[in-house]
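Comments concern the structure below.
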Amino acid sequence: MFDFKERYDIHDLVKIVKVLRSENGCPWDKVQTHESIRSSLIEETYEVIEAIDLNDKALLLEELGDVLLQVVFHSEIETEAENFNFDDVCNDICQKLIIRHPHVFGSVTVNGCDEVLTNWEQIKQQTKGQTTFTETLRSVPKTLPALMKAQKIGKRAAKSGMDFKDISDALNRLKSEIAELEEAIAENDSARINEELGDVLFSCTNVARKADAESELLLTDASEKFIKRFEKTEQLIRLNEVDMKSLSIDELDAYWKQAKAQVNTENIGGK
C-alpha cells in the first residue's frame, strides 16, 4: 500500500514511478518505452530553459521536477530490464564529478576557470578513450540543435589549434562564404546554393564563438525581435484600415521601418 506523506523525497519518486509502471499501475505509464517518451525529455528540458529565461522561480521548481521525473522514468525502464537502476545513475555521475574535479577531490592545483575546463576536457578524453581530435568532434551528439552542434564542433576543433586568430579573422571567413553563396545564386545552382548556405551558417557560429556568444540564443533572440517588429507593423497597417496583403513590398518596408523605430523607442523606455 502506498504511504501518503506531507512531504516526499527522491526515494518516494522512484517508488511512485515503480507503482505507475506496475501491473496494477497506470495503463499509459506501464507501456511507455525510451523511444515513446524521448521527445518528452527534450520538451521538459526546454521548459526549464524558459523558466530560467523568465526568472520564474516557481516555474523553475516545477519544471526541474518534470526533468527529474524523466530521469527516474528512463532509469526504471532499465531497472525492469535488469540493466541498471536509478542508484547506478547517481553513482555514475558522482564518480564522474569526483574524477573530473581533481583540484577539489585530489591534489591537482589550478589557477582559474580556464585551467579547470582544460583539465575537464583532458580527463573526459581519457575516460572516454578518445585518442584523436576527430573523435572528440564525432562525439558531439547528432541530436543537438544545429547551431548549438556547429558551435560545439568549432570549439572542440579549436583545441587542436585549428582556429581563427580572432573575431575579425572569423568574420573574414564569413564574408568569403557569403561571396561563394552569391556566386552559386548567380549560377542558379540549387545544390551549390544549399551547400554554401550551410557554410555561411557554420561560419556564423564561428563568429559567435569568437565573440563569446551562443549562436543558438542569438538566433532565438533575433526571432523574438522579428515577431515584435512584425506585430507592430501589422498594428500600424490595421490602424490605417489597410489589407496587409494588398501592399507592395516597398510599402510594407516603410511600415516596417516605422514599426522598428517605435519598438526601439519602447525598449529604451522600458529600460
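The values are calculated or read from the model by the stated rules, or taken from the named source; none is laboratory data. All values derive from a computational prediction rather than experimental measurement. Every residue, glycine among them, receives a Cβ derived from its backbone with ideal geometry; neighbour counts consider all protein chains shown. Only protein heavy atoms, including side chains, enter the accessible area calculation; ligands, DNA and RNA are left aside. Shrake-Rupley method; radii C 1.70, N 1.55, O 1.52, S 1.80 Å.
Identify the residue in the range 107-144 that is of a type in the set (K, R) and part of a helix (DSSP H, G or I) and, among all such residues, is farthest from L41 (Cα to Cα). Selected residue: K124.
Of all the residues in the range 214-251, those that are under 30 Å from I167 (Cα atoms), loosely packed, with under 13 Cβ neighbours inside 10 Å and of a type in the set (V, I, T) number 1. Among the conditions (1) in contact with a Lys or Arg (Cβ under 9 Å, 6 or more places away or on another chain); (2) buried (at least 16 other Cβ atoms within 10 Å of the Cβ), L147 misses just one, which is (1).
At least 1 residues being at pLDDT 95 or above and under 27 Å from the mean Cα position of the chain (by Cα) is the threshold, and among the helices (runs of 4 or more DSSP H) wholly inside the range 164-271 those reaching it are 167-187, 190-210, 215-239.
Reported count of residues in the range 105-129, each being hydrophobic (A, V, I, L, M, F, W, C) and surrounded by 12 or more Cβ atoms within 10 Å (Cβ to Cβ), is 5.
Among the residues of the range 3-53, those identified as among the hydrophobic types (A, V, I, L, M, F, W, C) and closer than 24 Å to C90 by Cα are I10, L13, V14, I16, V17, V19, L20, I37, L41, I42, V48, I49.
Would you be able to say whether some residue in the range 130-138 is surrounded by 13 or more Cβ atoms within 10 Å (Cβ to Cβ) and basic (K, R)? There is no residue in the range 130-138 that is surrounded by 13 or more Cβ atoms within 10 Å (Cβ to Cβ) and basic (K, R). What's the total number of residues in the range 41-70 that are surrounded by 16 or more Cβ atoms within 10 Å (Cβ to Cβ) and over 22 Å from L217 (Cβ atoms)? Counting residues in the range 41-70 that are surrounded by 16 or more Cβ atoms within 10 Å (Cβ to Cβ) and over 22 Å from L217 (Cβ atoms) gives 2.
Only residues that are of a type outside the set (K, R) and crowded, with 16+ Cβ neighbours inside 10 Å were counted in the range 90-101, giving 1.
Would you mention how many residues in the range 158-207 are open to solvent by less than 60 Å² (accessible area, probe 1.4 Å) and aliphatic (A, V, I, L, M)? The total comes to 9.
Applying the condition of being surrounded by 11 or more Cβ atoms within 10 Å (Cβ to Cβ) and in a loop (DSSP other than H, G, I, E, B) to the range 5-35 and asking which residue is nearest to the chain's Cα centre (by Cα) yields H34.
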